[in-house]
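Trainee: Structure incoming, see below.
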Amino acid sequence: MRIDETIEVLKNGGTILYPTDTIWGIGCDATNEEACQQLMAIKNRPTDKSFIVLVDSINMLEKYVPEFHPVCYDLIDLSEKPLTIIYPSATELANTIFAEDGSIGIRITKDPVCLKLIRSIRKPIVSTSANISGSPIPTCFNEIDDQIKSKIDAVLEDRMQEKLTTPSQIIKIDLDGTVKVIRQ
């Protein structure tokens, strides 16, 4: 599908398969509980695992995460690679996407496709790897399991030949500034 059709699928609570700033992802409107539950089922993902959420700006981050340690601003500004930060809590997002402790991983994307999706629906989107839980992460569109492709509502046909192989760095930052590196 073209991007404008994919945006309509997101607006209507559907799930999408799309290229991100890191790897091929499956996603949906991160505020839509039903859509997030559908992603959980598509991935056959255990309910105790959370999802990563993409936002388009610091302003959007602050809307959904009203309280976080100020060091996050510096890390976001200084990061040269895509960086997902796990925040202690957030508001107005689907309950399904949080970790058991209430935390949530959020990344400010710079990818033009992801930015267009987010800005068009004016909400954050889920970004989880396009694989069945526990299976290898595909490096290109052709490696994505047909089971995933058949259950998704829309496939964004952009950069389908491109290899997307590097997941984001993930760090967890508590309100007191404690930093824990999850993935480098």
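The values are calculated or read from the model by the stated rules, or taken from the named source; none is laboratory data. This one's a predicted model, so the numbers in the text were calculated from it and none came from an experiment. Here the Cβ is made from the backbone with ideal geometry for all residues, glycine too, and neighbour counts use every protein chain on show.
Trainee: Tell me, please, whether a residue that is polar (S, T, N, Q) and farther than 21 Å from C140 by Cα can be found in the stretch 18-28.
Mentor: The answer is no, given that none of the residues of the stretch 18-28 is polar (S, T, N, Q) and farther than 21 Å from C140 by Cα.
Trainee: Show the residue pairs that are 6+ apart or on different chains and have beta-carbon atoms under 7 Å apart, the first residue being within the stretch 64-79 and free of Cβ contacts under 8 Å to residues at least 60 places away in the same chain, the second being surrounded by fewer than 18 Cβ atoms within 10 Å (Cβ to Cβ) and among the polar types (S, T, N, Q).
Mentor: P66/T91
Trainee: Please list, ordered by first then second residue, the pairs with beta carbon atoms under 7 Å, 6 or more apart or interchain, first in the stretch 126-146 and acidic (D, E), second part of a loop (DSSP other than H, G, I, E, B).
Mentor: Pairs that qualify, where the first residue is acidic (D, E) and the partner is part of a loop (DSSP other than H, G, I, E, B), are D145/N131; D145/I132; D145/S135.
Trainee: Cβ contacts < 8 Å: first residue without any contact (Cβ under 8 Å) to a residue 60 or more places away in the chain, restricted to the stretch 43-56; second residue outside any loop (DSSP other than H, G, I, E, B), any location; separation 6+ or different chain. Result?
Mentor: Note: pairs meeting the criteria are T47/M40; T47/T96; S50/I97; S50/I104; S50/G105.
Trainee: From E92, E100, E67, E80, grab the single residue that is surrounded by fewer than 23 Cβ atoms within 10 Å (Cβ to Cβ), out of contact with any Cys (no Cβ under 9 Å at 6 or more places or on another chain) and more than 24 Å from E33 (Cβ to Cβ).
Mentor: E80
Trainee: Something else now. Examine the stretch 37-47 for a residue that is more than 21 Å from I137 (Cβ to Cβ) and surrounded by fewer than 20 Cβ atoms within 10 Å (Cβ to Cβ), and state whether such a residue exists.
Mentor: Within the stretch 37-47 (the criterion being more than 21 Å from I137 (Cβ to Cβ) and surrounded by fewer than 20 Cβ atoms within 10 Å (Cβ to Cβ)), the answer is yes, since at least one residue qualifies.
Trainee: Return the residue satisfying two criteria in turn: it lies in the stretch 118-134 and is among the hydroxyl-bearing types (S, T, Y) and in contact with a strand residue (DSSP E or B) (Cβ under 9 Å, 6 or more places away or on another chain), and of such residues it is surrounded by the fewest Cβ atoms within 10 Å (Cβ to Cβ).
Mentor: So, considering only residues that are among the hydroxyl-bearing types (S, T, Y) and in contact with a strand residue (DSSP E or B) (Cβ under 9 Å, 6 or more places away or on another chain), the one surrounded by the fewest Cβ atoms within 10 Å (Cβ to Cβ) is S129.
Trainee: Just checking: which of the helices (runs of 4 or more DSSP H) contained wholly in the stretch 35-137 hold 1 or more residues that are more than 16 Å from I171 (Cα to Cα)?
Mentor: Because the criterion is at least 1 residues that are more than 16 Å from I171 (Cα to Cα), the helices (runs of 4 or more DSSP H) in the stretch 35-137 that meet it are 58-64, 112-121.
Trainee: Something else: Could you list, in sequence order, the residues of the stretch 142-153 that are outside any loop (DSSP other than H, G, I, E, B) and either buried (at least 20 other Cβ atoms within 10 Å of the Cβ) or among the basic types (K, R) (or both)?
Mentor: Once the filter is applied, which keeps residues that are outside any loop (DSSP other than H, G, I, E, B) and either buried (at least 20 other Cβ atoms within 10 Å of the Cβ) or among the basic types (K, R) (or both), the stretch 142-153 yields I148, K149, K151.
Trainee: Can you name the residue in the stretch 18-36 that is in contact with a Pro (Cβ under 9 Å, 6 or more places away or on another chain) and of a type in the set (D, E, K, R) and, of all such residues, is surrounded by the fewest Cβ atoms within 10 Å (Cβ to Cβ)?
Mentor: D21
Trainee: Then there is this: State yes or no: is I182 assigned to a strand (DSSP E or B), of a type in the set (A, V, I, L, M) and over 16 Å from S57 (Cα atoms)?
Mentor: Spelling it out, I182 is indeed assigned to a strand (DSSP E or B), of a type in the set (A, V, I, L, M) and over 16 Å from S57 (Cα atoms).
Trainee: Give me a count of the residues in the stretch 1-23 that are in a helix (DSSP H, G or I) and among the aromatic types (F, W, Y).
Mentor: 0
Trainee: Still on this structure, I have one more. Counting only residues that are small (G, A, S) and either modelled with pLDDT under 95 or in a loop (DSSP other than H, G, I, E, B) (or both), how many does the stretch 24-34 have?
Mentor: Residues that pass the stated criteria total 2.
Trainee: On to the next question. Which one is farthest from I97 (Cα to Cα) among residues in the stretch 48-64 that are of a type in the set (V, I, T) and surrounded by 15 or more Cβ atoms within 10 Å (Cβ to Cβ)?
Mentor: Result: V55.
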